[in-house]
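Asks: Pasting a structure here, questions to come.
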Amino acid sequence: MKKLPGNAMQSASNPSKRGSRRCNPLLRRFCIVWTILLGGLLPVQSQTLFVFDQLTGNPISDVYVFNDSKTKSGLTSQLGLVDISNFPVDEKIHFQHPAYIDFDLDIRAIEGMRFKIPLTEKLHYLEEVVVSANKWETNLNEIPNKIEIIKSKDIVFENPATAADMLASGNEVFVQKSQLGGGSPMIRGFAANKILFVLDGVRMNNAIYRSGNVHNVLQADVNSVESAEVIFGPGTNIYGSDALGGVVDIHILKPKFGKSDKWHTKGNGLARFSTASVEKTLHFDLNISNNKWALLAIVSFSDFNDLKTGTKHNEYAQRPEYVESVNGMDSIVKNSKPDVQKFSGYSQLNFVSKVSNKFSETADWTLSFYLSKTTDVPRYDRLIQYKNEKLKYAQWYYGPQQWLMNSLKINLKGRTKIYNHAVFTLAYQNIKEGRNDRKYRNDWLRKRNELVNIFSLNLDFDKTLPKSSTIFYGIELVHNDVQSTGEEQNRLSGETANISSRYPDGGNRYFTAGAYFSYKKNFQRSPMTFLTGLRYSFTGLNSRFTDTSFYKLPYNEIKLNNSAVTGNAGLVYHPGTLQLSLNFSSGFRAPNLDDVAKIFDSEPGNVVVPNENLKPEYLYNSDLGFSYRFKQGAKVQVNLFYSYLKDAMVRRDFQVDGQDSILYDGEMSKVQAVVNASFARIYGLSFLFDLQLASSLKFTTTLTYLKGTDDQGFALRHAPPLYGSSALVFEKYAFKLALSANYNAEVAFKNLAPTERDKSYLYASDDNGNPYAPAWWTLNLKGSYAFSNKFMATFGIENILDYRYRPYSSGITANGRNFIVAFRYSF
């Protein structure tokens, strides 16, 4: 007979609160008070069972509960409750659910567990639900796209420090880092403004999203994430421009309503510490609700010191020296601890509040406020850049970054003539970004600041039709207003002077509009689903140059208007545990303000200038997927894709007023611009294999291969090398342990994109003195244990062998051996 320990876990975090939890230093005492005063157990009637997920503590509905002779049975409710008062006391009670491992206990063992039954989830349950594919809940086996689902339990167990680390933890998305306070996902050969970032249904991509690497995913507090989904490729038509490589769709915790008019309070707290960056994280969330109102408040604070690398191999990735100012004079100082990456640390504060109200059983609204703010974030890759064998910069940092968003979401349910469900989302965003740099032994600190105001409106509908058909349709309107300024200040005298701004200084307007229609058909006589859809997109850009004294451009205004129709058609055949999918899709990305109108130094000796003739780029994509789950507890999944990019936007040599070089920030620089290449090709595959070795032991592995080249045969910058992960996972009751290996293949010089070759200081040198990215692998251990139904500890050792390595295209070396410990408390 299987027997559980009496302290088996009810909750790794409260059922309605997922992910890690922390509070800032100002709330520390408040967290402690809540911990002491609100520590009661969940009340459960003596003959009523509570069935929950053993890792997250979330209640499990529709669990089939029955006795040995099957004379008594029942199903758990949405709260995970089921009454067993009439079950025979001399027979075992069995628990079955298609997503969880079968389980049985006798009454005595159940009483010893205080009628709280934890279940363990099976490997990759096929009938998972996703919302990113069409903005409404849809069974995963009805979607022809490859989609990665990141669940709350994954976030709890992996303990990622940021949202970028969360995406990387599944080892299906490659993440580049220019600095510790960063993380730019690469998906299917695309990154930055060619990947769409969506948070709680609101488009985050804005007019100044760069084409290089974008780190704005850190705006999402990983400790407040309820779930995340990654769509690979442009396989769905509902998102419009920017979704070429895919869509990152993140869902923050929602307010949870109570079941009666009585007010209830629930909450979670987290404290986490890791050694490589001396990370200190605190989180706290509080939900107060009744059956009409729900209020949610979330506070998270993280502080990171300078990141320490490994101590073995790849000496090129050390930090041998740095610039220090002594008595007003810059000096290059030898680093006594070259494995400590000096001036890489930063801090971040996140706050979220949400208020929800039910108009009726068919209507509710949610008003949300989000704030993310950082200290200065050093751009580490620039701090290790050399010129004439000396460090080029004394300072280079992003000024305090701030992102603020208000949103109002109205949900309507009910079978009307035009919809079954409707969602109206109105949002406002305010973004402040700043870039600050000072060259070695130069007393002038350059400051370039941007202020972006964004207004957006989304209307989304679905409607069920006869014969198992559903339509999805909606519109999206987004307006960006961008102000850009430039100033330099003498650090000794305080004197200031104007310098060129990053974007046109006379005002910038960027407007996008789109309308989509999608159709889904589930065939009644065959286990098959057909999906298709179209989207019309329009973009308009207007930018003005007021001060032209810094650069002489042949124009003082840029106006662009672009439109496109994109679509997709896919078929999924899903009999039993087999799934075959085929999908054809097209994508579109209109040039934004950053593509068309900015002036900046891209790498040593080069300056990028505006190009008023830049056109949109179009992607034509095909996907083929295969998935099969064996009866023996194994699953294999293979996805292949091929993409053809027309009029690809790439950076090439350029001329301004007949000149191929101009003076930029006091340095003669070669002129480049973003232009339309004739085409680019990208293809690849992903492989996933899971095997249940025993009831409590499983093996899993993922592998991704990509290849991308442009019309001149050069490698694409955002096509990473072969990468993957393999893991052994032991999970039994309240204890889980995973031993994993992550690995990346080498990128030889011939396979480096030209823009990467120009940044040789970030790479190792081969036998010919050319830059290349060495292969690497790490060994890691993660674990968790639930001491009670309220208190849980997670722990880990990353990079056990303490290898020193720098991931492809990254500007900062990865952490060395890193010990992590976190404690979570729910009340």
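Asks: Within the stretch 385-422, can you find the residues that are within 30 Å of PHE461 (Cβ to Cβ) and under 23 Å from the mean Cα position of the chain (by Cα)?
Replies: Taking the stretch 385-422 as the starting set, the residues that turn out to be within 30 Å of PHE461 (Cβ to Cβ) are 403-422.
The answer is TRP403, LEU404, MET405, ASN406, SER407, LEU408, LYS409.
Asks: Scan the stretch 162-179 residue by residue and report those that are part of a loop (DSSP other than H, G, I, E, B), open to solvent by 20 Å² or more (accessible area, probe 1.4 Å) and over 13 Å from ASN213 (Cβ atoms). Steps first, please.
Replies: First, the residues of the stretch 162-179 that are part of a loop (DSSP other than H, G, I, E, B): 162, 170-173, 177-179.
Retained after the next criterion (residues that are open to solvent by 20 Å² or more (accessible area, probe 1.4 Å)): 170-172, 177.
Hits for the stretch 162-179 are GLY170, ASN171, GLU172.
Asks: Test ASP766 against the criterion of being over 22 Å from HIS283 (Cβ atoms) and touching a Pro at 6+ places or on another chain (Cβ under 8 Å), and give yes or no.
Replies: On the way: over 22 Å from HIS283 (Cβ atoms): yes; touching a Pro at 6+ places or on another chain (Cβ under 8 Å): no.
Judged against the criteria, ASP766 is not a match.
Asks: Still on this model: Among the residues of the stretch 659-688, write down those that are open to solvent by 20 Å² or more (accessible area, probe 1.4 Å), touching a residue at least 24 places away in the same chain (Cβ under 8 Å), under 18 Å from TYR503 (Cα atoms) and more than 34 Å from the chain's Cα centre (by Cα).
Replies: ILE662, ASP665, listed by residue number.
Asks: Among THR813, THR794, THR778, which is the only one that is within 29 Å of TRP396 (Cα to Cα) and among the hydroxyl-bearing types (Ser, Thr, Tyr)? Steps first, please.
Replies: Details: THR794 fails: within 29 Å of TRP396 (Cα to Cα); THR778 fails: within 29 Å of TRP396 (Cα to Cα).
Result of the check over THR813, THR794, THR778: THR813.
Asks: Which pairs have Cβ atoms under 8 Å, sit 6 or more apart or on different chains, and link a residue in the stretch 183-201 that is more than 15 Å from LEU645 (Cα to Cα) and open to solvent by 10 Å² or more (accessible area, probe 1.4 Å) to one that is β-branched (Val, Ile, Thr) and in a helix (DSSP H, G or I)?
Replies: Hits for this filter: PRO185/VAL217; PHE197/VAL217.
Asks: Where residues in the stretch 630-658 are of a type in the set (A, V, I, L, M, F, W, C) and open to solvent by less than 20 Å² (accessible area, probe 1.4 Å), which of them is farthest from TYR705 (Cα to Cα)? Please lay out each step first, then the result.
Replies: Residues of the stretch 630-658 that are of a type in the set (A, V, I, L, M, F, W, C), as a first pass: 630, 634, 636, 638, 640-641, 645, 648-650, 654, 656.
Pick out the ones that are also open to solvent by less than 20 Å² (accessible area, probe 1.4 Å) and you get 634, 641, 645, 648-649, 656.
Working: ALA634: 22, PHE641: 11, LEU645: 18, ALA648: 21, MET649: 23, VAL656: 39 Å.
So, considering only residues that are of a type in the set (A, V, I, L, M, F, W, C) and open to solvent by less than 20 Å² (accessible area, probe 1.4 Å), the one farthest from TYR705 (Cα to Cα) is VAL656.
Asks: Continuing with this model, one more query. Give the residues of the stretch 48-83 that are surrounded by 20 or more Cβ atoms within 10 Å (Cβ to Cβ) and either among the hydroxyl-bearing types (Ser, Thr, Tyr) or in a loop (DSSP other than H, G, I, E, B) (or both), sorted by residue number.
Replies: GLN54, LEU55, THR56, GLY57, ASN58, ILE60, VAL63, THR76, GLY80
Asks: Next question, about the same structure. Do you know which residues across the stretch 809-827 are crowded, with 23+ Cβ neighbours inside 10 Å, touching a strand residue (DSSP E or B) at 6+ places or on another chain (Cβ under 6 Å) and part of a loop (DSSP other than H, G, I, E, B)?
Replies: SER809, SER810, GLY816
Asks: Does GLY258 meet the test of being surrounded by 18 or more Cβ atoms within 10 Å (Cβ to Cβ), in contact with an Asp or Glu (Cβ under 7 Å, 6 or more places away or on another chain) and closer than 28 Å to LYS358 by Cβ? Walk me through it before giving the result.
Replies: On the way: surrounded by 18 or more Cβ atoms within 10 Å (Cβ to Cβ): yes; in contact with an Asp or Glu (Cβ under 7 Å, 6 or more places away or on another chain): no; closer than 28 Å to LYS358 by Cβ: yes.
No: the conditions fail for GLY258.
Asks: Quick one: which strands (runs of 3 or more DSSP E) lie wholly within the stretch 577-638 and hold at least 1 residues that are small (Gly, Ala, Ser)? Steps first, answer last, please.
Replies: Numbers: elements: 578-589, 600-603, 606-608, 617-629.
Passing ranges, in order: 578-589, 600-603, 617-629.
Asks: Additional query: Within the stretch 555-614, work out how many residues are over 25 Å from the mean Cα position of the chain (by Cα) and charged (D, E, K, R).
Replies: Total meeting the criteria: 6.
Asks: All but one of (1) part of a strand (DSSP E or B); (2) of a type outside the set (Lys, Arg); (3) touching a residue at least 24 places away in the same chain (Cβ under 8 Å); (4) open to solvent by 10 Å² or more (accessible area, probe 1.4 Å) hold for ASN561; state the number of the condition that does not hold.
Replies: Result: ASN561 passes all but (3).
Asks: Mind listing whichever residues of the stretch 409-453 are free of Cβ contacts under 8 Å to residues at least 60 places away in the same chain and of a type in the set (Val, Ile, Thr)?
Replies: Hits for the stretch 409-453 are ILE410, THR416, ILE418.
The values are calculated or read from the model by the stated rules, or taken from the named source; none is laboratory data. Everything numeric here is computed off the predicted structure, so don't read it as measured data. All Cβ positions, even for glycine, are placed from backbone atoms using ideal geometry, and neighbour counts span all protein chains on display. Please note that ligands, DNA and RNA were not included when accessible areas were found on the heavy atoms of the full protein model with its side chains. Shrake-Rupley method; radii C 1.70, N 1.55, O 1.52, S 1.80 Å.
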